[in-house]
Amino acid sequence: MSEQPLLVIVGPTASGKSAFAIKLACALNGEIVSADSRYLYRELEIGVAKPSPLELAAAKHHLINVASLEEPWNLGLYKQSATRVIDEIHQRFRLPILAGGTGQYVRAILQNWQVPSHGPVDQLREDLETIGNRIGFDKLHEMLNAIDPQAAANIDYRNHRRTIRALEVILSTGKKFSDLRDKEPPPYNTLIIGLELPREVLYARIDQRIKDMIGQGLVDEVQHLLDAGFGPTLETMRVIGYNEIIAHLRGETTLEEAIAMIRRNTRVYVRRQANWFKPTDADIHWLNAQDPALLEHALDLVEVKLGIASKE
């Protein structure tokens with residue numbers, strides 16, 4: 001049996017992945033599988049630039065608004081769910097289009113990572129958080145390095161959440177985190193299309209997006225979440241745009257300072273995304289997101305690489 005096709009759309013935040021995926025889905029009888037960790041949560045809207053109701057209605061979307069902030073998903077649960085959804089789309093003789101900027105999620109599917117799907121062990125996670133706050137999260141990362149050097153090498157020491165998650169898995173399963181993420185041959189015939197923009201254009205888009213978020217009511221959205229009991233200690237609330245507005249609402253910064261922090265942190269995030277989707281990656285077909293013929297070029301690639309012709 002030949003491998004089933006999978007179209008993947010990657011690129012930095014604000015490059016236009018969501019809108020582009022919708023156009024491709026309409027042209028190719030496709031369904032979109034989100035690869036954005038922030039889109040999972042029903043309560044997050046404005047601050048994550050989630051597709052609008054009109055966009056969601058324009059093409060079938062999956063793994064958006066499927067969880068509550070009180071029910072955090074991990075990589076294993078996402079991979080399990082996304083694989084199931086992709087298989088179901090194939091069974092309907094439609095094309096799955098994996099689209100999003102969460103590098104771990106995309107690579108877990110493309111490289112068929114074998115990761116645990118069990119949720120966090122609450123007491124263990126709380127204990128690790130307490131230890132990290134007491135001795136410093138850099139020391140916690142050093143602890144991870146002593147136990148599992150390969151996992152530590154793949155996790156930035158500043159990424160407290162992933163450091164804790166790796167230690168949590170190791171201590172609860174008795175296995176190295178890196179061993180649980182061994183790769184198997186990918187089960188799909190995959191075409192990866194990357195959207196690229198000049199950095200100055202991308203930053204201008206990011207700045208406009210942040211301005212739009214504020215205008216659409218991001219501050220009110222964050223206040224509503226706080227009023228509903230979703231505090232900053234929740235792991236799922238540690239999202240760019242929300243952290244900074246929480247600090248503002250606590251009186252720690254002005255709104256202007258919070259906006260400046262969102263801009264800075266988003267730029268840092270863009271640079272981290274580039275580590276997952278490198279311009280030199282020969283498996284990614286990079287296309288100029290500003291090209292008027294972008295859709296036509298992409299459809300040509302799909303026909304050549306996947307053997308699927310558009311309906312247009």
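Restricting to region 250-260, and then to whatever is outside any loop (DSSP other than H, G, I, E, B) and surrounded by fewer than 18 Cβ atoms within 10 Å (Cβ to Cβ), can you tell me which residue is nearest to the chain's Cα centre (by Cα)?
It comes out as Ala260.
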Selection status of Lys211, outside the structural domain of Ala49 (by TED's automatic domain parsing) and assigned to a helix (DSSP H, G or I)
yes
So, of the residues in region 113-169 that are surrounded by fewer than 18 Cβ atoms within 10 Å (Cβ to Cβ) and among the small types (Gly, Ala, Ser), which turns out to be modelled with the lowest pLDDT?
Gly119
Search result, residues across region 279-290 that are of a type in the set (D, E, K, R) and surrounded by 13 or more Cβ atoms within 10 Å (Cβ to Cβ)
Asp281
In region 227-249, which residues are among the hydrophobic types (A, V, I, L, M, F, W, C), more than 19 Å from Asn74 (Cβ to Cβ) and not in a loop (DSSP other than H, G, I, E, B)?
Ile245, Ile246, Ala247, Leu249
Whether any residue in region 86-97 is under 20 Å from Ser15 (Cβ atoms) and at pLDDT 90 or above is what I want to check.
yes
For region 202-230: of the residues being of a type in the set (D, E, K, R) and surrounded by 14 or more Cβ atoms within 10 Å (Cβ to Cβ), which is farthest from Ala258 (Cα to Cα)?
Arg205
Suppose we filter region 66-84 for residues that are part of a helix (DSSP H, G or I) and either over 17 Å from the mean Cα position of the chain (by Cα) or not assigned by TED's automatic domain parsing to the domain that holds Tyr41 (or both); how many remain?
1
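The values are calculated or read from the model by the stated rules, or taken from the named source; none is laboratory data. Since this is a predicted model, take the numbers as computed values, not measurements. Positions of Cβ are generated from backbone atoms using ideal geometry, with glycine treated the same way; all protein chains shown enter the neighbour counts.
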